[in-house]
Amino acid sequence: MKFWAAVAAVSLLTATEAAAAPQVLQANPSDVKSRNIEGRSFKLAQIKNVHFNQHGKGPRALAAVYEKYDIELPDTLLMVLRQILLDIGFDLRARSLMSARAPDNATAPYNNNTGQGEVTATPIPFDVEYLTPVDIGNPPQTLPLCFDTGSSDLWVFSSNTPVSQQGGQKLFHIDNSTSAQKLQNHTWSIRYGDGSGSSGEVYLDTVDVGGIKVENQAVETANQVSSSFTRDEHSSGILGLGFQSINMVRPNKQKTFIDNALKSLAMPLFTANIRKAAEGNYNFGFIDETEYLGNLTMIPVDAASGYWKFKGTAFSTGFNGTNSAISDIVVPLEHPAIADTGTTLLMIPEAIVQAYYRQVANAYDSKIYGGWVFPCNSTLPDLTLYISSYKAVIPGELINFAPADLDDPATATICYGGVQSSRGFPFAIYGNVFFKAHWTMFHVEEKKLGFAPRSGE
């Protein structure tokens with residue numbers, strides 16, 4: 001009965017007795033109406049980052065989540081990360097121990113300053129495995145960007161980025177765009193959990209995603225880039241698909257690309273079809289019924305947070321087939337969560353993580369690898385997360401995220417878990433481990449999420 005040790009204080013119930021939850025709606029695609037009969041719709045395929053470095057993939061993915069949400073890295077994870085950086089040839093003396101200028105208005109985590117507004121930082125390599133092409137400017141310059149529902153800024157490496165902070169990225173050359181206009185007296189600044197930051201100026205220019213052109217879109221050009229991003233030579237920046245309230249332009253927040261594009265779309269939504277070990281796609285303005293199974297479950301979103309925030313309500317876990325009756329038991333555990341395509345892992349409450357890995361022989365939270373690991377030859381049970389009435393099954397094969405002790409999956413004996421603890425975070429983060437199992441619709445106008453199991457194409 002070790003399974004219940006993590007949830008002993010929580011009463012049990014069957015799947016049909018799930019805890020009270022927000023109102024949900026079962027919907028057919030035809031129920032999601034078009035708002036603009038003459039509007040556009042398009043499918044945009046991801047492209048694989050051929051430069052993505054597999055070494056230390058698990059700990060780096062976990063560290064990147066801490067960085068993104070400005071949470072201080074645990075000391076054990078920090079030590080693991082430093083060793084990984086040394087292994088891949090990152091010069092810590094020249095870069096991570098190099099002082100980085102903090103923004104003038106910086107608060108925490110800039111708490112280790114030298115008295116002169118400087119911090120020392122261990123950079124987190126923000127390598128992105130899959131990217132999406134975006135055209136900026138006139139004539140258009142195509143840049144590979146990360147589509148990120150967990151942020152609301154469109155920022156890019158640019159001709160304003162110091163050469164010392166470039167790593168081979170394709171740049172947005174501002175002077176080469178005849179339509180670029182500087183937004184006077186506006187700047188942007190984003191800080192990260194290691195104390196570093198990225199910042200710069202703001203231009204208004206034409207942005208074309210899949211043939212949908214938005215004129216006078218705010219494009220945040222980097223005058224300073226955290227060394228966390230410099231190493232990933234294939235990624236030129238981020239296109240945020242969150243809500244405007246968390247946009248980092250000051251003094252006036254700017255509308256996101258999707259906000260500005262809504263009027264041009266046939267339907268005010270986009271969808272994420274993220275695939276395992278393959279290029280997925282984003283669809284804008286339409287729903288492709290071939291990409292998922294069954295009906296959609298529509299979930300209300302707390303958009304006031306700026307994130308695609310919803311409420312997780314319960315969980316259950318398989319027992320490797322040893323007790324099917326017990327595996328139907330659902331444990332109510334309400335928790336705030338966000339849908340974040342810019343995060344790789346599935347970060348969920350500690351109680352769920354412990355309950356899950358206690359079903360895996362010899363799984364443990366490793367100080368050596370900076371997170372939960374297990375023998376690579378393990379047959380992992382499924383994990384089921386309940387989002388109100390939606391039963392989101394995460395197959396065990398998706399939770400085997402990456403080799404830990406060696407880079408080659410064929411010879412590795414210890415593997416890194418795609419499910420890790422959200423302890424210390426203000427919410428759980430449903431990242432790409434979740435999306436690889438569940439097709440997701442982001443209805444911008446109605447502020448709802450739609451979930452359905454991905455089709456097995």
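No value in this document is a laboratory result; all are computed from the given coordinates. Keep in mind it's a predicted model, so treat the numbers as computed, not measured. Don't worry about glycine lacking a Cβ; one is built from the backbone with ideal geometry, like all the others, and counts go over all protein chains shown.
Express in nm, to one decimal, how much length is gained between GLU289 and GLU397 on full extension, taking 0.36 nm for each residue of separation and deducting their alpha carbon distance.
Details: separation 108, 0.36 × 108 = 38.88 nm, distance 2.47 nm.
Full extension of this stretch gives 36.4 nm more.
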### Query
How much length is gained if the chain between GLN83 and ILE329 is pulled fully straight, taking 0.36 nm per residue apart and subtracting their Cα-Cα distance, in nm to one decimal?
84.4 nm
### Query
Using the Cα gyration tensor of segment 214-259, with a ≥ b ≥ c the square roots of its eigenvalues, what is the shape: rounded (a/c below 1.5), prolate (a/b larger than b/c) or oblate (neither)?
prolate
#### Entry: Ordering of 79-86, 286-293 by packing [mean C-beta count within 10 Å, highest first]
79-86, 286-293
### Query
Based on the alpha carbon coordinates of segment 175-292, what radius of gyration and maximum Cα-Cα distance (Dmax) apply, in Å?
16.1, 47
### Query
Using 19 Å as the cut-off for backbone N distance, which residues of segment 343-362 belong to the label zone defined by a point 7 Å from the Cα of ASP302 along Cα→Cβ?
347-352
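In this model, which of LYS213/LYS448; LYS253/LYS447; LYS170/LYS447; LYS255/LYS391; LYS68/LYS170 are farther than 27 Å apart at the alpha-carbon? Each step should come with its number before you reach the end.
On the way: LYS213/LYS448 25 Å; LYS253/LYS447 20 Å; LYS170/LYS447 34 Å; LYS255/LYS391 34 Å; LYS68/LYS170 22 Å.
Beyond 27 Å: LYS170/LYS447; LYS255/LYS391.
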### Message
From the phi angles alone, apply the Karplus equation (6.51, -1.76, 1.60; θ = phi - 60°) to segment 222-230 and give each ³J(HN,Hα) in whole Hz, x where the residue is Gly or Pro.
### Response
7, 8, 9, 10, 4, 4, 4, 8, 4
## Note on the structure
Once both label points are put 7 Å beyond Cα along the C-beta direction, the ASP405-ILE47 separation in nm becomes 3.9
#### Entry: FRET efficiency for ALA361 and ASP175, using Cβ-Cβ distance with R0 set to 51 Å, rounded to 0.05
0.25
#### Entry: Label point distance in nm, ASN281-LYS263, each placed 7 Å from Cα along Cα→Cβ
2.9
### Message
Name the residue from TYR356, ALA337, GLY285 whose Cα lies farthest towards the positive end of the charge dipole of segment 271-379, charges +1 on Cβ of Lys and Arg and -1 on Cβ of Asp and Glu.
### Response
TYR356
#### Entry: Cβ-defined net charge surrounding ASN160, 14 Å radius [Lys, Arg +1; Asp, Glu -1]
-3
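Please give the FRET efficiency for ASN377 paired with HIS55, using the beta carbon to beta carbon distance and R0 = 30 Å, rounded to the nearest 0.05. Could you put the intermediate results ahead of the total?
Working: r = 22 Å, r/R0 = 0.72.
Calculated transfer efficiency: 0.90.
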